[in-house]
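So the structure is just underneath, and the comments pick up after that.
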Amino acid sequence: KKSGGSHAGRALHAKIHAGIVNAEFRVDANIPLHLQHGIFQPGKVYKTYVRLSNASGIVQSDTKRDLRGLAIRVFSTDEQGKESINDLLMTSAPVSHARDVRQFMEFAKTASARPAILFPVRLIFAVGLTETVRMLGNIFKY
């Protein structure tokens, strides 16, 4: 309702700056042995989608202060032919608001629920008061 849209949009990173669906994720052929895990195999090339966006759940002017995000979706196939997706997420903040995947998901779920005014209260119930204060401090600092 707040964005004036006719349908539900994204809860976070609503405004896309660039979406690329024909990208490639290339792993350096000389990647050190201690980094060779999962998709990070020397010389591998993967089909990739890339999305650059603002962090806000509301489409707004780029002049408004906001975090910026980069999402990279890497499509891979293992030796048995099983396909998988690996999502690499980055923001312009020097630290993540979430300590781990669970906190990240709790933040996203509570941020997308309505009414938005209850977001901090829902987050307290999801991750606790101390973590809520820390997470919101990280978000509003940048």
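The values are calculated or read from the model by the stated rules, or taken from the named source; none is laboratory data. Just so you know, these numbers come straight off a predicted model, no measurement behind them. Virtual Cβ from ideal backbone geometry, glycine too; neighbours counted across all protein chains shown. Heads up: the accessible areas ignore ligands, DNA and RNA and are worked out on the full protein's heavy atoms, side chains in. Shrake-Rupley method; radii C 1.70, N 1.55, O 1.52, S 1.80 Å.
Give the residue that is nearest to the chain's Cα centre (by Cα), with candidates limited to residues of region 63-95 that are of a type in the set (D, E, K, R) and modelled with pLDDT of 85 or more. Give the steps one after another, and end with the answer.
Taking region 63-95 first, the residues of a type in the set (D, E, K, R) are 64-66, 68, 73, 78-79, 82-83, 87.
The next check asks that each one be modelled with pLDDT of 85 or more; those that pass are 73, 82-83, 87.
Working: Arg73: 10, Lys82: 24, Glu83: 21, Asp87: 8 Å.
That would be Asp87.
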Checklist entry - Does Arg65 qualify as being assigned to a helix (DSSP H, G or I), open to solvent by 60 Å² or more (accessible area, probe 1.4 Å) and out of contact with any Lys or Arg (no Cβ under 9 Å at 6 or more places or on another chain)? => result no
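Restricting attention to region 111-136, which residues are at pLDDT 90 or above and closer than 19 Å to Asn54 by Cα? Spell out how you get there, then give the answer.
The first filter runs over region 111-136 and keeps only residues at pLDDT 90 or above, leaving 117-136.
Met135, Leu136 - these are the residues of region 111-136 that are at pLDDT 90 or above and closer than 19 Å to Asn54 by Cα.
Can you find, within region 1-37, the residue that is modelled with the highest pLDDT among those that are of a type in the set (Gly, Ala, Ser) and loosely packed, with under 11 Cβ neighbours inside 10 Å? Quick ask: steps written out before the conclusion?
Step one: filter region 1-37 for residues of a type in the set (Gly, Ala, Ser), giving 3-6, 8-9, 11, 14, 18-19, 23, 29.
Restricting the remaining residues to those that are loosely packed, with under 11 Cβ neighbours inside 10 Å gives 4, 6, 8, 18, 29.
Values: Gly4: 57, Ser6: 58, Ala8: 49, Ala18: 75, Ala29: 98.
Here the residue is Ala29.
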Checklist entry - Which members of region 96-114 meet the condition of being open to solvent by 70 Å² or more (accessible area, probe 1.4 Å) and over 11 Å from the mean Cα position of the chain (by Cα)? => result Arg99, Asp100, Arg102, Lys109, Arg114
Checklist entry - In region 84-110, what count of residues is obtained for those that are in a loop (DSSP other than H, G, I, E, B) and farther than 21 Å from Tyr49 by Cα? => result 8
